[in-house]
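Taking it in order: structure first as structure tokens, then the write-up.
The values are calculated or read from the model by the stated rules, or taken from the named source; none is laboratory data. Quick caveat: nothing in here was measured; it's all calculated off a predicted structure. Every residue, glycine among them, receives a Cβ derived from its backbone with ideal geometry; neighbour counts consider all protein chains shown. These area figures cover heavy atoms from the full protein model, side chains too; ligands, DNA and RNA do not enter into them. Shrake-Rupley method; radii C 1.70, N 1.55, O 1.52, S 1.80 Å.
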Amino acid sequence: MGASYESGAFVACKDVILAFDAADERLNTTLRCITHAHIDHAVKVNEPNTLMSPETYELLKALGRLKRSASILEFRKTMDVRSVKVTAVNAGHILGSCQYVIECDDNTLLFSGDVNVQDTLVTKAAEPMNVDFMVLEATYGDPSFVFPDRETTYSKIVKWICECLKSGSIPAFKAYLIGKSQEIIKLVNEYLGIPVVVSDAVAKVCEVYRKFGLDLSYFRKSTDAGKEVLRTGECVYVSNHRIDFPVGRRMMWAIATGWALRYRFGFYDAAFPLSGHADFRGLISHVEACAPRRVYTMHGYSKRLAKELEKRGFAATALESVGRVVPFIYEKRRV
Ligand SMILES: [Zn+2]
């Protein structure tokens, strides 16, 4: 078994080559494993031999990005790919986001994809798996990224919404289409009980979340009911684009992203550090829970995270720094 990085990553196990969120065509791929529906990960989804969770399948279909069928693997289910076993495990990042466990000979590898190790209002925390090797995302892999407690961020968002409404403005959120939008809608549903109006694109994604059992209450902006709620002004607006439109009241815009810890987002009226990714402490805790023999880090602060893991006694390497194939499976097991 070996792994390589360029766009996404590859894992080679004997004659089986698995691609993970990879746009790269240079390797003769046996199976393309899609970790989740975000656009930078769900690449080449219309190629043959593509594997994804049922939720990811429905999200990509709803957004018109998947034009053909794909192999489906539910969480905790295993698929045989010749002599290799592939198991999907919840990654906690968005609806249907997968980690994949690969079993080849006596070795196991966990490919994390984007991962969140905390429960949110719309997702359950990623499941740790005891494995030999781990490929871990490092989006917030620098020690400076420590997010506030999620409940604290939720309460700050609620407070800001109340202040906007009190001042006669409509609070509006620019949020990622998949994941963050639904979390904000759920937050308003649960904590405030005032109507939420959403862009048509956000509504399409919400319908998939609802199909998989998440109770979300909202009005679609383009409907008569949505227009009427906006006219009253007593509502929250959620969209994946920041577009002002005439509603008779000022719109105040907030953004919710982990990058709000580092950047001011002065173009917005407010910015909240609400992320679908694990922060630095979460990434470290995920490695500790999985207890692998070696970790390969990728994306974002991959080199820094590898260094920090080494300080804590883990063998760790930034995947992009070790060339296209890493012969890690041949390392001798500790006894
Ligand atoms: Zn993502």
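Here are some notes:
- Top-ranked residue in segment 170-189 [being in a loop (DSSP other than H, G, I, E, B) and within 16 Å of Arg210 (Cβ to Cβ); ranked as farthest from the ligand (Cβ to nearest atom)]: Leu177
- Unique residue being open to solvent by 60 Å² or more (accessible area, probe 1.4 Å), farther than 17 Å from Ser181 by Cα and either at pLDDT below 95 or of a type outside the set (Gly, Ala, Ser) (or both) when the list is Arg220, Arg231, Arg210, Arg242: Arg231
- When segment 261-296 is filtered for residues that are open to solvent by less than 20 Å² (accessible area, probe 1.4 Å) and in a helix (DSSP H, G or I), the ones remaining, listed by number, are Phe280, Gly282, Leu283, Ile284, His286, Val287, Cys290.
- Considering residues of segment 106-131 that are modelled with pLDDT under 95 and more than 20 Å from His299 (Cβ to Cβ) only, the residue surrounded by the most Cβ atoms within 10 Å (Cβ to Cβ): Thr108
- Some residue of segment 95-109 being outside the structural domain of Trp259 (by TED's automatic domain parsing), of a type in the set (D, E, K, R), under 16 Å from the mean Cα position of the chain (by Cα) and over 30 Å from Tyr191 (Cα atoms): no
- The residues in segment 306-335 that are assigned to a loop (DSSP other than H, G, I, E, B) and at pLDDT below 85 can be counted, and the count is 9.
- Residue match in segment 297-305 (condition: touching an Asp or Glu at 6+ places or on another chain (Cβ under 6 Å), part of a helix (DSSP H, G or I) and modelled with pLDDT of 95 or more): yes
- Filter result (more than 16 Å from the ligand (Cβ to nearest atom) and of a type in the set (A, V, I, L, M)) within segment 39-53: Leu51
- For segment 94-109, the count of residues that are more than 21 Å from Arg294 (Cα to Cα) and of a type outside the set (Gly, Ala, Ser) is at least one.
- Residue among Val208, Val198, Val238, Val247 that is more than 22 Å from His38 (Cα to Cα) and aliphatic (A, V, I, L, M): Val247
- Strands (runs of 3 or more DSSP E) wholly inside segment 1-116 that include at least 2 residues being touching an Asp or Glu at 6+ places or on another chain (Cβ under 6 Å): 2-6, 84-90, 107-111
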